[in-house]
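Enquirer: My structure is below; once you've seen it, I'll send some questions.
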Amino acid sequence: MKEMMKNTGIMVAITLIAGLLLGIVYQVTKEPIAVQEAKAKQEACQEVFADASSFDAVEVAAVDESGNETVKQAALTLYEDTEAPVIQGAADFIHFVGENISYRRNVRVSDNSGEEITLEIDSSGVNLGAEGVYPVVYTAKDRAGNIG
């Protein structure tokens, strides 16, 4: 019986020491492992979404009328907008001296961002009272600064 108590004490001590050492190892390796996992996830995302500029986790919170709140994590993938807006329908046209011109007629602008794009028309070089060939410059710019 005495031998059994001694062996039990030794086993308890070994278990406590092993647990303590494992806890220390966990604390030491926890951060480097998390850094490597995040790096591997970024690299995997970059391989799948080659055009994306960053991948971040965001928290989305929803609160109802009673004040109950739910918070969930979601992945946010950001893409850099490098595509210029496209101007369609701007073409050479013939007009008679003295007539008004609608420079915007049949002109459309589209962009990959889905946002409304501003269209600027520079007709300052046009003289409606004199015959000639005049330049009209159409410029579309999106929020990212891409010009089409």
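The values are calculated or read from the model by the stated rules, or taken from the named source; none is laboratory data. These figures come from a predicted structure and were not determined experimentally. All Cβ positions, glycine included, derive from the backbone under ideal geometry; neighbour counts span all protein chains shown.
Enquirer: Is it true that some residue in segment 18-35 is surrounded by 10 or more Cβ atoms within 10 Å (Cβ to Cβ) and in contact (Cβ under 8 Å) with a residue 24 or more places away in the chain?
Expert: Looking through segment 18-35, none of the residues is surrounded by 10 or more Cβ atoms within 10 Å (Cβ to Cβ) and in contact (Cβ under 8 Å) with a residue 24 or more places away in the chain.
Enquirer: Additional query: Note down all Cβ pairs under 6 Å where the first residue falls in segment 111-131 and is under 16 Å from residue 97 (Cα atoms), the second is loosely packed, with under 10 Cβ neighbours inside 10 Å, and they're at least six residues apart or on different chains.
Expert: 125/135
Enquirer: Mind checking which residues of segment 56-110 are acidic (Asp, Glu) and in contact with a Lys or Arg (Cβ under 9 Å, 6 or more places away or on another chain)? Spell out how you get there, then give the answer.
Expert: Filtering segment 56-110 for residues acidic (Asp, Glu) gives 56, 59, 64-65, 69, 80-81, 83, 92, 99.
Listed by number, the residues that qualify are 59, 81.
Okay, residues lined up against (1) of a type in the set (A, V, I, L, M, F, W, C); (2) part of a loop (DSSP other than H, G, I, E, B); (3) in contact with a His (Cβ under 7 Å, 6 or more places away or on another chain):
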position	(1), (2), (3)
46	no, no, no
70	no, no, no
73	no, no, no
82	no, yes, no
91	yes, yes, no
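Enquirer: Take the residues in segment 113-148 that are of a type in the set (Val, Ile, Thr) and outside any strand (DSSP E or B); name whichever of them is modelled with the lowest pLDDT. I'd like the intermediate steps shown before the answer.
Expert: Initial filter on segment 113-148 (of a type in the set (Val, Ile, Thr)): 117-118, 121, 126, 133, 136-137, 139, 147.
Filter once more, so that each one left must be outside any strand (DSSP E or B): 117, 126, 133, 136.
Working: 117: 87, 126: 90, 133: 92, 136: 92.
Once the filter is applied, the top-ranked residue is 117.
Enquirer: Here are 101, 94: which of them is more than 17 Å from the chain's Cα centre (by Cα) and surrounded by 10 or more Cβ atoms within 10 Å (Cβ to Cβ)? Show your work before the answer.
Expert: On the way: 94 fails: surrounded by 10 or more Cβ atoms within 10 Å (Cβ to Cβ).
None of the others qualify; the one that does is 101.
Enquirer: Taking segment 54-91 as the region of interest, how many residues are within 21 Å of residue 120 (Cα to Cα) and over 19 Å from the mean Cα position of the chain (by Cα)?
Expert: Of segment 54-91, the ones within 21 Å of residue 120 (Cα to Cα) are 81-91.
Keeping just the survivors that are over 19 Å from the mean Cα position of the chain (by Cα) gives 86-91.
Qualifying residue count, segment 54-91: 6.
Enquirer: Looking at segment 93-112 only, could you name the residues that are hydrophobic (A, V, I, L, M, F, W, C) and assigned to a strand (DSSP E or B)? Break it down stepwise before answering.
Expert: Filtering segment 93-112 for residues hydrophobic (A, V, I, L, M, F, W, C) gives 93-94, 96-97, 101, 107, 109.
Residue satisfying the conditions is 109 alone.
Enquirer: Further, regarding this structure: Determine which member of the set 13, 18, 62 is modelled with pLDDT of 85 or more and part of a strand (DSSP E or B). Let's see the steps before the verdict.
Expert: On the way: 13 fails: part of a strand (DSSP E or B); 18 fails: part of a strand (DSSP E or B).
Sole residue among the options that is modelled with pLDDT of 85 or more and part of a strand (DSSP E or B): 62.
Enquirer: Another question, if that's okay. Just checking, which of 59, 47 is within 30 Å of residue 79 (Cα to Cα) and out of contact with any strand residue (DSSP E or B) (no Cβ under 8 Å at 6 or more places or on another chain)? So that I can check it myself, show each step before the final result.
Expert: Values: 59 fails: out of contact with any strand residue (DSSP E or B) (no Cβ under 8 Å at 6 or more places or on another chain).
Exactly one residue qualifies, and that residue is 47.
Enquirer: Oh, and also: Might you let me know whether segment 114-128 holds any residue that is of a type in the set (A, V, I, L, M) and within 30 Å of residue 40 (Cα to Cα)? First the steps, then the outcome.
Expert: Initial filter on segment 114-128 (of a type in the set (A, V, I, L, M)): 117, 119, 121, 126, 128.
Those left that are additionally within 30 Å of residue 40 (Cα to Cα): none.
Scanning segment 114-128 turns up no residue that is of a type in the set (A, V, I, L, M) and within 30 Å of residue 40 (Cα to Cα).
Enquirer: With the condition kept exactly as written, say whether any residue in segment 77-87 is free of Cβ contacts under 8 Å to residues at least 24 places away in the same chain and out of contact with any Pro (no Cβ under 8 Å at 6 or more places or on another chain). Please lay out each step first, then the result.
Expert: Looking only at segment 77-87, we keep the residues that are free of Cβ contacts under 8 Å to residues at least 24 places away in the same chain, and these are none.
Looking through segment 77-87, none of the residues is free of Cβ contacts under 8 Å to residues at least 24 places away in the same chain and out of contact with any Pro (no Cβ under 8 Å at 6 or more places or on another chain).
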